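The values are calculated or read from the model by the stated rules, or taken from the named source; none is laboratory data. Model, not experiment: these values are computed from the prediction. Neighbour counts run over all protein chains shown; Cβ positions are idealised from the backbone, glycine included.
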Amino acid sequence: MLPIISIMILIPIIALAATAAFGRSHRKILLGSTLINMLLAFGMLAIALSTGSASISEQYPYIPSLGISLGFRIDIIPLMLLIMSAVVLFVAALAANPGREKPKTASVLILLFQLAAVGFFASANLLLFFGFWDIGVIALFLMINILGSANRKAASINFLIYEILASSFLFLGIILIYAYTPVHSFNIAYIAANAASISPAMQSVIFALFFLAFMINMPIFPMHFWLPDAHTEASASGSMLLSGILTKFGAFGMLILFSMMPIAAQYSPYIAALAIVSTFYSVLLLLRQKDLKRIIAYSTIVEMGIILLGISAGNSLGTCGAAYLMLSHGLVIALMFLVVGMLKYIFGERGIQFLKGTVLNAQFTTYAFVFGVFAMVGLPLTSGFIADIMLFAGSFQAFGIYGLLPLAALAIMGAYMYFAISKSMLSTTEHSFTMQFIGKAQKFGYSILIFFILLFGILPFILLNLVKVW
């Protein structure tokens, strides 16, 4: 078999070199790179469905004397996230910059983030995991700092401070786990098989360091303060990649942590309680927001809390539901931020109080936003529905009735968002002044995301047949 993971990692590197050499063709290069990335991700899915296994691994020696190799691996959960990130990256490249502001810079940073996403989700050892994590952070920092709006400098610095803190915790945890495994190694599979030999006290220290790093990145209360400002100032593409993919770096890391460290089971009830608190705290803050970007940013914190609840359940249903919700949320939140970016482009406003009757002059955009609201709360036939069923079934198994409490937060969030848009965007008593009109690329971008949200909702067995959850 071709080294498909290595090819996926080389594609954005080649595209970056081609952009440097042929700068005028940067948009074609970007679209080609993200399209090939998406086709290869679905190609891996086709291979997995034909063989009945999503397992792919590639190993290249690097510094064998120190137990360091360039190792990549894919199974069903990384494959889900690779597919989600590939779709979001392609739509961001295609549709998220209708005004073509600093287009070459945007292309370079999206390609850099493409490299980070593929490498991160496919990493088989913690050094690569850490390296691609930081590449993703750097790409998003520059995207906010260079392509953002008026207060982008302060928002990007705030984002960077939190991410440096997360990276510091992560790096220290990696060093400790390397030092305390019987045969020093960064290999995730080896660590998972041998972590029980580490003393409980040291396991607790390592667990705490990793948990704090991933908690900041997801983010989870009280480490969430960077997210609303980062989204408010980021460009449409920046917001799509930030909430759609970068927050999944933390969630995916949390999944690895719970599978890697045996002591995680002892802390599960406390982490579940934190997840529940985070969902209700963030939904209460959401109710106070009028800026659509801030509303969607706080909805991300709600969903990340629910994902953490599923992970902390520690059973197959909770884990699989959390992974499927990562897939679903990445697609839905990318749609929401793309739509909000286009509303800003069309009407010059993002505040609910200013967006009146948008359905009259921007029907497709308005209804795409309404669809996104319903998909976010798990409307049947959308991808979030099957994810929520599995996740809450798993959390109920683990925590009883307490595991279902975040359903109330979901209901409150959905009710508020629909009530707000029904009184503004869907109202026909008055309408906002139209400044611009979007093109076919933006409508095609909406359509791609809606298609995959429905596809993975109506036909979840495409992915779930590859994993045993019962």
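Observations on the structure shown:
- Any chance residue 116 is crowded, with 22+ Cβ neighbours inside 10 Å, out of contact with any Leu (no Cβ under 8 Å at 6 or more places or on another chain) and not hydroxyl-bearing (Ser, Thr, Tyr): yes
- Annotation note: of 155, 189, 234, 208, the sole residue that is under 17 Å from the mean Cα position of the chain (by Cα) and not charged (D, E, K, R) is 234.
- Candidate set: region 158-175, residues that are of a type in the set (A, V, I, L, M, F, W, C) and buried (at least 21 other Cβ atoms within 10 Å of the Cβ); chosen: the one farthest from the chain's Cα centre (by Cα): 174
Residues checked against (1) within 20 Å of the chain's Cα centre (by Cα); (2) surrounded by 16 or more Cβ atoms within 10 Å (Cβ to Cβ); (3) part of a helix (DSSP H, G or I):
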| residue | (1), (2), (3) |
| --- | --- |
| 391 | yes, yes, yes |
| 400 | no, no, yes |
| 438 | no, yes, no |
| 452 | yes, yes, yes |
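- Matching entry among 238, 330, 310, 250 (being farther than 30 Å from residue 107 by Cα and either surrounded by fewer than 24 Cβ atoms within 10 Å (Cβ to Cβ) or out of contact with any Pro (no Cβ under 6 Å at 6 or more places or on another chain) (or both)): 310
- Unique residue being within 18 Å of the chain's Cα centre (by Cα), hydrophobic (A, V, I, L, M, F, W, C), more than 23 Å from residue 259 (Cβ to Cβ) and at pLDDT below 95 when the list is 106, 150, 92: 92
- Given (1) closer than 27 Å to residue 59 by Cα; (2) crowded, with 20+ Cβ neighbours inside 10 Å, index of the condition residue 194 fails: (2)
- Output for region 58-89, where each listed residue is within 25 Å of residue 175 (Cβ to Cβ) and among the hydroxyl-bearing types (Ser, Thr, Tyr): 60, 62, 65, 69
- Filtered residue count, region 275-328, keeping only those that are more than 30 Å from residue 462 (Cβ to Cβ) and in a loop (DSSP other than H, G, I, E, B): 4
- Number of the condition not met by residue 72 [criteria: (1) of a type outside the set (A, V, I, L, M); (2) over 22 Å from residue 136 (Cα atoms); (3) touching a residue at least 12 places away in the same chain (Cβ under 8 Å)]: (2)
- Check on residue 41, part of a helix (DSSP H, G or I) and without any contact (Cβ under 8 Å) to a residue 12 or more places away in the chain: no
- Matching option when the condition is in contact with a helix residue (DSSP H, G or I) (Cβ under 9 Å, 6 or more places away or on another chain) and at pLDDT 90 or above, among 437, 456, 433: 456
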